[in-house]
Each structure stands twice: as C-alpha cells, then as structure tokens.
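**Student:** Got a structure for you, questions after.
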Amino acid sequence: MKPRVLSGIQPTGSLHIGNYLGALTNWVKMQYDYECVFCIVDLHAITLYQDPKELLQKIEQTAALFLAAGIDPQVSSVVVQSTVKEHAELCWLLTCSTPLGWLERMTQFKDKSSKQDSVSDGLLQYPVLMAADILLYKANAVPVGDDQIQHLELTRDIAQRFNALYGETFVMPETRLPTVGARIMGLDDPSKKMSKSEAGSGHAISMLDEPGVIRKKIMRATTDSRPAVDFDSGGAGVLNLLTIHQAFTGWSDDQVKRHFAGMRYGDLKKTVAEAVVAGLEPLQERYRRIMADPGYLHGVLRESADRVRPFADATVRLVKQRMGIYTD
Ligand code: TRP
C-alpha cells in the first residue's frame, strides 16, 4: 500500500501564488506516489470569527482552486473538514490527554491571542484539531510550510502520549517541508513570507488576480537601491522576483542567470509579470469552468468525504476502544 499524505489549507483570505508554488504544486506532484487527503479546514478557520456568507464562498473557492491547480479527485481526496465528523470527534478525544501547558506555549497561539481582546477556547485547541486531522488518517507524511513545524512536533507529542497511556495506536507523522526555491515572500516586504491574512493589496498576488492587477502589483514590488540585477549582491526583493519567475517557468539556474544578469529592474518586473500572467491563465480558466458547474464541485466533495469516512470511522472506533469508551 502507498504511504499516506495529509495536508490542509484554511478557507480564509484568497489563495495566493505562495500557496500555489509552495503547497499546491507539491501536492499535485505527490498525488500519484502517495494516498493523499487534502483538506479545506473550515473548523480551523472559525477559531477566529468569519463572516458566514464569505466563509461558505471561500470554502467552495478553495476547493475549486485545488482542482484547478491539478489535484485529481479520482486519485486524491479533497475533503471539507467539517463534512467528516470524525475530525471533531477525534479532536475531543485527544484534547482530554493533552496537557494545557503544551497548548499555552504554542507560538501561533501566543501570537494570535496577543492581537485580540479576547480569544475563543477554539483558538487554544487549534493544534489539537490539526493533530486530529493528521492522526485520523494515520498519515505518514505531512507537507507544510516551516511555520507549521511546531504544530507537527506537537502532533507527534500528542500521538506519543496517547500511545503511552493507552497502547500503540497512532503512526508518527513526518514533517515534509517544500524545496527551498518555493518560499515566496511578500512583494511589499520581502522579509516576510507571503501570507493570506496580511492586509495591503501590494503584499500578495492572488491566484485569481486579473492580468492588469498582477502587472500593477509586480511593478510596485519592493526591490533595492541598485538599478539592475546583480546576482552577487541582489537584495531579498529582487531574489524573490527571480524565484517567482523560475517557479512559473521552470527555467534552470543557468538560464535565469544568463537572461537576467544586468537587467534593469523595470524590465525584470515586466518579464516576471508576464511569466506569472501566463502561468496563472490556464489555471484561472479551469477555475471558471469548475465554478460554472457547482453540481460537479459538490459531487467531488461528497465523493471524497464518502471515500475517506470509513477509514476515519475505524480510527475513532479504535481510539474509543483503547480508551474504554463504549462503541456500538
Ligand atoms: N494549520 C495549517 C495552516 O494554517 C492548516 C492545517 C490544518 C493543516 N490542519 C492541517 C496543515 C493538517 C497540515 C495538516 O497552514
């Protein structure tokens, strides 16, 4: 049997080219070598308040973008987390053996809660729900960005503690970080990873941005005080633009160097913008076709949920039995 992979994205904000190049394109490549479950984690999204109408739209939009990016629903399962109730159920069961101190120490919790007047209990439980997503399917590998390393460590701690208390039950999941080249930084501030929640229209290029918007954002991207590309001393902003170009075109390092060395920043930006526009165009066309047929999308989501539910149910039953909880 193939090893299992699970990953997830929150249906908040708009998926951007950092999500596309750092996550989705990797998932697409992995899907034929692994048994994959890709989740739209709506239960995670609501740990911070979401406008209900907008949330529902974002869930469908995110699912459609997974498919438009090349996730093949015949081989991979595209699951809206809340439609498989075992995610929430396993989360509760794991919560009861997770020390509060582990959760209070998580940097993402400290970060997010410091920005709010009051936080929901759900925000504290966020990493337990993520552990449940992963452990539910006994995933062997979890492709994530480096901001999720601590969550994966906690997942293994939770699994280990459960196994120690109740006997060998969970598989230890491995963190799978993307290749170096795929780390896309904010256009306005190349010291920060491109982020969905970052406000400011010059920060990220959405996967659904129109060509005119893409061009405008790239032309305004932060570079440095030099006039032209210098590979020995180029600033982070210029390197980021080159990374984006390379990721969309698949050019080799040599090709990139030969083409861009000494090029003035205005021309560099024009070239990068055209590569992004051309790279996103077929994807956007597929997205429009998928969104024009909601019956198809809903069918895919239902089939995926139906496909993974028996596995999820078996895990929850096993966990309950281990804990001495009655199962019917
Ligand atoms: N916390 C992840 C993020 O914000 C999203 C997520 C939820 C996830 N459950 C997951 C990622 C399970 C990988 C596996 O990016």
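**Student:** Out of Gln150, Gln31, Gln74, any idea which swings most in a Gaussian network model of the chain, alpha carbons joined below 10 Å?
**Tutor:** Comparing Gln150, Gln31, Gln74 in the GNM, the peak value goes to Gln74.
**Student:** Let me ask another. Along the stretch 307-320, what does the Karplus equation 6.51 cos²θ - 1.76 cosθ + 1.60 (θ = phi - 60°) give for ³J(HN,Hα), rounded to whole Hz, x for Gly and Pro?
**Tutor:** Each residue's phi maps through the Karplus curve to give 5, 8, 4, x, 5, 4, 4, 5, 5, 5, 4, 4, 4, 4 Hz.
**Student:** Calculate the translational D of the chain in whole µm² s⁻¹ from Stokes-Einstein, where the hydrodynamic radius comes from the Kirkwood formula applied to all Cα pairs, the temperature is 20 °C and the viscosity 1.002 mPa s.
**Tutor:** 101 µm²/s
**Student:** To continue, here is another question. Angle, helix 52-68 long axis vs. longest principal axis of the chain, Cα atoms, 0 to 90°, nearest 10?
**Tutor:** Roughly 70 degrees between the two axes.
**Student:** Would you mind calculating the gained length between Arg309 and Leu100 on full extension (0.36 nm times residue separation, minus the Cα-Cα distance), in nm to one decimal? All intermediate terms of the calculation are to be shown ahead of the outcome.
**Tutor:** On the way: separation 209, 0.36 × 209 = 75.24 nm, distance 2.95 nm.
In short, 72.3 nm is gained.
**Student:** With the chain treated as a Gaussian network of Cα nodes joined by springs under 10 Å, which of Gly22, Gly167, Gly70 yields the largest mean-square fluctuation?
**Tutor:** Among Gly22, Gly167, Gly70, the largest mean-square fluctuation in the Gaussian network model of the chain belongs to Gly167.
**Student:** To continue, here is another question. Under a 5 Å amide H to amide H cut-off, with H placed in plane at 1.01 Å, what residues pair with Val79 once short-range neighbours are removed?
**Tutor:** Correct list: Phe38, Cys39, Ile40.
**Student:** Normalised by the number of residues in the chain, what is the relative contact order in percent for Cα pairs under 8 Å and 6+ residues apart? Provide the component values of the computation, followed by the final result.
**Tutor:** Working: 465 pairs, mean separation 72.5, N = 328.
22 percent.
**Student:** In terms of modelled amide H atoms, which long-range or inter-chain residues lie less than 5 Å from the amide H of Lys193?
**Tutor:** Gly186
**Student:** For the pair Ala292 and Asp72, what calculated FRET efficiency results from E = 1/(1 + (r/R0)^6), where r is the Cβ-Cβ distance and R0 = 25 Å, to the nearest 0.05?
**Tutor:** FRET efficiency, Asp72 to Ala292: 0.80.
**Student:** While we're looking at this one, here's another question. Taking H placed 1.01 Å from N in the peptide plane, check which residues at least 5 places from Glu174 or on another chain put their amide H under 5 Å from its amide H.
**Tutor:** Ala141, Val142
**Student:** What is the local net charge at Arg105, summed over the other residues whose Cβ is closer than 13 Å to its Cβ (Lys, Arg +1; Asp, Glu -1)?
**Tutor:** -3
**Student:** For each of Lys196, Lys58, count neighbouring Cβ atoms within 10 Å of the residue's Cβ, then give the residues from fewest to most.
**Tutor:** On the way: Lys196 17, Lys58 21.
The fewest-first ordering by Cβ neighbours comes to Lys196, Lys58.
**Student:** Counting alpha carbon pairs within less than 8 Å and at least 6 residues apart, what relative contact order, in whole percent, applies to the stretch 223-328? Walk me through the numbers on the way to the answer.
**Tutor:** On the way: 52 pairs, mean separation 23.6, N = 106.
RCO, the stretch 223-328: 22 percent.
**Student:** Within 10 Å of each residue's Cβ, count the other Cβ atoms and sort Met185, Met291 from fewest upward. Could the numbers behind the result be given before it?
**Tutor:** On the way: Met185 23, Met291 15.
Going from least to most buried by this count: Met291, Met185.
**Student:** Work out the length of the dipole vector of the chain about its Cα centre, built from +1 on the beta-carbon of each Lys and Arg and -1 on the beta-carbon of each Asp and Glu, and round it to the nearest 20 debye.
**Tutor:** On the way: 37 positive and 39 negative charges, 47 e Å.
Taking the Cα centre of the chain as origin, the dipole is about 220 debye.
**Student:** Less than 19 Å apart at the alpha-carbon level, and either on another chain or at least 8 residues along: which lysines does that give for Lys217?
**Tutor:** The reachable lysines, counting only those whose Cα sits under 19 Å from Lys217, are Lys192, Lys193, Lys196, Lys269, Lys270.
**Student:** From the phi angles alone, apply the Karplus equation (6.51, -1.76, 1.60; θ = phi - 60°) to the stretch 89-99 and give each ³J(HN,Hα) in whole Hz, x where the residue is Gly or Pro.
**Tutor:** In residue order, the calculated couplings are 5, 5, 4, 4, 4, 6, 3, 6, 10, 9, x Hz.
**Student:** Looking only at Cα atoms, what is the convex hull volume of the stretch 140-225 per residue, in Å³? Kindly include the intermediate steps, with their values, before the conclusion.
**Tutor:** Details: hull volume 11.0 nm³, N = 86.
Spelled out: Cα convex hull of the stretch 140-225, divided by residues, is 128 Å³.
**Student:** Compute, for the stretch 211-288, the length of the dipole vector about the Cα centre, with Cβ point charges of +1 (Lys, Arg) and -1 (Asp, Glu) only. Units Debye, rounded to 20.
**Tutor:** On the way: 12 positive and 9 negative charges, 81 e Å.
Dipole size: approximately 380 debye.
**Student:** Hey, another quick one. Report the extension gain between Ser191 and Val119 in nm, rounded to one decimal, defined as 0.36 nm multiplied by the number of residues separating them, less their alpha carbon distance. Let's see the in-between values first.
**Tutor:** Numbers: separation 72, 0.36 × 72 = 25.92 nm, distance 2.81 nm.
That works out to 23.1 nm of additional length.
**Student:** For the residues Ile71, Ile205, what sequence is obtained by ranking on other C-beta atoms within 10 Å, fewest first?
**Tutor:** Values: Ile71 20, Ile205 25.
In order of increasing Cβ crowding within 10 Å: Ile71, Ile205.
**Student:** Efficiency by 1/(1 + (r/R0)^6): what FRET value for Arg226 and Gln160, r their Cβ-Cβ distance, R0 = 51 Å, to the nearest 0.05?
**Tutor:** E between Arg226 and Gln160, to the nearest 0.05, is 0.50.
**Student:** Got a sec to turn the phi values of the stretch 205-215 into Karplus ³J(HN,Hα) couplings, 6.51 cos²θ - 1.76 cosθ + 1.60 with θ = phi - 60°, whole Hz, x for Gly and Pro?
**Tutor:** Computed from phi, the couplings for the stretch 205-215 are 9, 5, 4, 10, 4, 6, x, x, 5, 4, 4 Hz.
**Student:** Quick one: angle between helix 265-291 and the longest Cα principal axis of the chain, in degrees between 0 and 90, rounded to 10, please.
**Tutor:** Around 40 degrees separate the two axes.
**Student:** Determine the gain in length on full extension of the stretch Lys112-Asp267; use 0.36 nm per residue of separation and subtract their C-alpha separation, reporting nm with one decimal. Show your work: numbers first, answer last.
**Tutor:** Values: separation 155, 0.36 × 155 = 55.80 nm, distance 3.93 nm.
Residue separation times 0.36 nm, minus the Cα-Cα distance, leaves 51.9 nm.
**Student:** Under 13 Å from the Cβ of Trp251, count the other residues' Cβ atoms, weight Lys and Arg +1, Asp and Glu -1, and hand me the total. Intermediate values should be presented prior to the final figure.
**Tutor:** Numbers: positive: Lys257, Arg258; negative: Asp253, Asp254.
Surrounding charge for Trp251 is 0.
Each reported figure results from applying straightforward, stated rules to the coordinates on display, with no laboratory input. Predicted model only: the values in this text are computed from it and were never measured. With ideal geometry, Cβ positions are generated from the backbone for all residues, glycine too; neighbour counts draw on all protein chains shown.
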